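A short write-up of the structure that comes next.
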Amino acid sequence: MLKRHTKHTADHSPIRVLQLAESPYVGGITSHILSIARAFREDPRVSIRVACLAGRREDEALLTQAAALDIPVTVLPMAHTLDPRILPRLRAYVRKEGIDLIHTHNYRATLLAWLAGGRPVLPTVHTAMSATGTRLEFWQGLERQVLRRMPMVLAVSEATRRWLHGQGLSEEAIRVCHNACDVAEVPEAAVEKLRRQHGIPQETVVVAYIGRLVEDKGLEQLLEAAQGLPVHLMLVGDGPIRAALEARSRGLNLQAHFAGNVADPSVYYALADVVSLPSRTEALPMSLIEAAARGKAVVASMVGGIPEVVQEGKTGLLTPYGDAPMLREALEELLDTALRERMGEAAWRRWQAQFTPKHMADCLAACYAARLAQ
């Protein structure tokens, strides 16, 4: 491995890295992978390829969003969760593309890249693995065994680093590389068109949630907290509890819109006055980094890596998970325009100081070189 790293250093050729994804679903991991590809697009240090393991999922969010950003994605088809025929396909793809290093995201990608062999693997752990009593718990247990054998593992936050150390990984093996995002310009005309489309008055505060509609995101409490407040909820994303949330929204007589999955949520961030993420657990949520990049105040749960992004009382307000009355108080506080603007400005400055693509690219490039030197 040292010889390969020396070659890149000597002739200044880029390190060729494969971003190997799980199934192409909507969520922070998809956003993270695409942000890496964009961060290195003009960077001579690293050349990125992206591939995903299609499995049996029909959701093609990664493919749709990547196409919108002109990022090629190779699909490596699988018949089931761990189809052994993927191993020669993966090895052939890696040889064809001249890949030096496989950067994996989520358990299945990590397990399969490790089994395929032939190239160094560098996993990013995006969240604490907490599934219990499910098949997922079995696969997560296998991944933990593999991670303990890895000379280097990336964590997206200090909270994830502490969790990994508690799972038996050595402190020396774990490096923290924060997620990042850049900012897409959104024409004011596009924002106003969206506002008119949903009949939202200028004076109404828009509270946006952008992510999967699943249990443990605290969305039921968000609906309860918004009841009777002069706010319009904008929930962007999809998932198994969408129908139940829509029914609950109608029952509470809320001003709310469920946008479903969108290829580019930039206009929704631009429309939002407040971004909310009342989750039970988060490693380092992309939606809050994206909110900071656009200068938006935040209401979120005080869990996981969220306090690494949101500074309580400075860039947003943090509440206990599942506490709808506290969440309501925070939303009421952010009805104050001047407070929202101060927090949004502070959030933007924090993004500039810590969560830009340049920060992430510098961290990853150093980790890629160090992993190849091991």
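The values are calculated or read from the model by the stated rules, or taken from the named source; none is laboratory data. Keep in mind that what you see is a predicted model, and the values were worked out from it rather than measured. Here the Cβ positions follow ideal geometry from the backbone for every residue, glycine too, while neighbour counts run over all protein chains shown.
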Just checking, does the stretch 325-336 include any residue being charged (D, E, K, R), touching a strand residue (DSSP E or B) at 6+ places or on another chain (Cβ under 7 Å) and assigned by TED's automatic domain parsing to the domain that holds MET234?
yes
Please verify whether LEU223 is without any contact (Cβ under 8 Å) to a residue 40 or more places away in the chain and either crowded, with 18+ Cβ neighbours inside 10 Å or touching a helix residue (DSSP H, G or I) at 6+ places or on another chain (Cβ under 6 Å) (or both), treating the condition exactly as stated.
yes
Would you mind telling me which numbered condition in (1) within 30 Å of VAL262 (Cβ to Cβ); (2) more than 24 Å from the chain's Cα centre (by Cα); (3) of a type outside the set (A, V, I, L, M, F, W, C); (4) exposed (fewer than 14 other Cβ atoms within 10 Å of the Cβ) ARG195 fails?
(4)
Do the conditions hold for TYR368, that is, is it within 29 Å of GLY228 (Cα to Cα) and among the aromatic types (Phe, Trp, Tyr)?
no
Do any helices (runs of 4 or more DSSP H) entirely within the stretch 242-359 hold 1 or more residues that are under 30 Å from ARG162 (Cα atoms), and if so, which?
286-293, 306-309, 324-333, 337-354
Can you name the condition, by its number, that GLU188 falls short on among (1) crowded, with 22+ Cβ neighbours inside 10 Å; (2) of a type in the set (D, E, K, R); (3) under 30 Å from ARG350 (Cβ atoms)?
(1)
Give the stretch 93-106 a look and list any residue that's of a type outside the set (S, T, N, Q) and buried (at least 17 other Cβ atoms within 10 Å of the Cβ), or say none.
TYR93, VAL94, ILE99, ASP100, LEU101, ILE102, HIS103, HIS105
Quick one: would you say LEU90 is buried (at least 21 other Cβ atoms within 10 Å of the Cβ) and in a helix (DSSP H, G or I)?
yes
Take the residues in the stretch 205-215 that are surrounded by 15 or more Cβ atoms within 10 Å (Cβ to Cβ) and more than 10 Å from LEU235 (Cα to Cα); name whichever of them is modelled with the lowest pLDDT.
VAL214
Show the residue pairs that are 6+ apart or on different chains and have beta-carbon atoms under 6 Å apart, the first residue being within the stretch 50-77 and at positive phi and in the same structural domain as ALA37 (by TED's automatic domain parsing), the second being assigned to a loop (DSSP other than H, G, I, E, B) and modelled with pLDDT under 75.
GLY55/SER23
